[in-house]
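Remarks on the structure that follows.
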Amino acid sequence: MYRLYGKPYTMSMVPEVAMDEIGAEYELINMPDGISTDPDYLALRADGLVPTLVDGDHVVIEGSAIAMHLADKYPDAKLAPPLGSKARTDWYEWMLYLNSMVHPTVANGFHPDWYTDEESGIEGVQRSAFKRADDQWSQIDKRIAGNTWLCGDGYTTADILFLVEAYMHYDYPAMFAREKNVAALVGRIQARPKVAAMLKRHEIETVDL
């Protein structure tokens, strides 16, 4: 059985849904708030953040990496497009873009004190992050016009990650009202039973889309 270390309303939501969609058995270990200082956990993940997946002797960190690992390990679940296809290339691109570009913006907004040593700079860091978030989602909205799913014709882990990042926007109801293509895709994703159950489990106030 897998062990997934996570916390409510964090990137652990991504591998949670992936494993739920696959039907994999896992133990979810909810970590205390804040950066962990538990030596046993730090032996698994040195920065003390979540999520972390223990897969036998294999330890995988980062929500996107865990989801990609699971998608490759369970190809019958079809959570990744076929190798060599354009959709597969799109999958790599979205998984990396959402993790490396959109999520750092989220972190700047939620934890501005992590990004400045000056208390007087915290407000500016957060304000800049909020503006960047709005710019990013406006760009995404234009890019996905006409898409049913992010990557070709099938639902993948990229869609799970997309929904999680969208619900981490600092004012997601207002963003959904502006970005109609984003809202439509989020609506399709959150209608999936496993996704809906995860959102309820994490007590996320969803928007009817």
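The values are calculated or read from the model by the stated rules, or taken from the named source; none is laboratory data. These numbers were taken from a predicted model, which means no experiment stands behind them. Backbone-built Cβ (ideal geometry, glycine too); neighbour counts: all protein chains shown.
A compact table of results
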{"read-out": "Some residue of region 139-159 being among the hydroxyl-bearing types (Ser, Thr, Tyr), over 27 Å from MET198 (Cα atoms) and in contact with a helix residue (DSSP H, G or I) (Cβ under 8 Å, 6 or more places away or on another chain)", "value": "no"}
{"read-out": "Matching residues in region 109-127 - criterion: being part of a loop (DSSP other than H, G, I, E, B) and under 23 Å from THR10 (Cβ atoms)", "value": "HIS111, THR116"}
{"read-out": "Some residue of region 151-166 being free of Cβ contacts under 8 Å to residues at least 60 places away in the same chain and of a type in the set (Ser, Thr, Tyr)", "value": "no"}
{"read-out": "Check on LYS78, closer than 14 Å to ILE160 by Cβ and surrounded by fewer than 20 Cβ atoms within 10 Å (Cβ to Cβ)", "value": "yes"}
{"read-out": "Set LEU163, LEU209: member being assigned to a helix (DSSP H, G or I) and either surrounded by 14 or more Cβ atoms within 10 Å (Cβ to Cβ) or at pLDDT below 95 (or both)", "value": "LEU163"}
{"read-out": "Close pairs (7 angstrom Cβ cut-off, 6 or more residues apart or separate chains): farther than 21 Å from ILE144 by Cα in region 94-114, surrounded by 20 or more Cβ atoms within 10 Å (Cβ to Cβ) and at pLDDT 95 or above anywhere", "value": "ASN108/ALA129; GLY109/ALA129; GLY109/ALA133; PRO112/ALA129"}
{"read-out": "Unmet requirement for TYR170, which otherwise passes all of (1) among the aromatic types (Phe, Trp, Tyr); (2) closer than 20 Å to THR10 by Cα; (3) surrounded by 16 or more Cβ atoms within 10 Å (Cβ to Cβ)", "value": "(3)"}
{"read-out": "Residue list for region 5-17, filter: assigned to a helix (DSSP H, G or I) and in contact with a His (Cβ under 9 Å, 6 or more places away or on another chain)", "value": "MET13, PRO15, GLU16"}
{"read-out": "Residues of region 38-87 satisfying the condition of being of a type in the set (Ser, Thr, Tyr) and either more than 19 Å from LYS194 (Cα to Cα) or in contact with a strand residue (DSSP E or B) (Cβ under 8 Å, 6 or more places away or on another chain) (or both)", "value": "TYR41, THR52, SER85"}
{"read-out": "Test: THR116 is closer than 25 Å to ASP134 by Cβ, assigned by TED's automatic domain parsing to the domain that holds ILE144 and more than 19 Å from the chain's Cα centre (by Cα)", "value": "yes"}
{"read-out": "Selection count, region 128-152, where residues are part of a loop (DSSP other than H, G, I, E, B) and either modelled with pLDDT of 95 or more or buried (at least 21 other Cβ atoms within 10 Å of the Cβ) (or both)", "value": "7"}
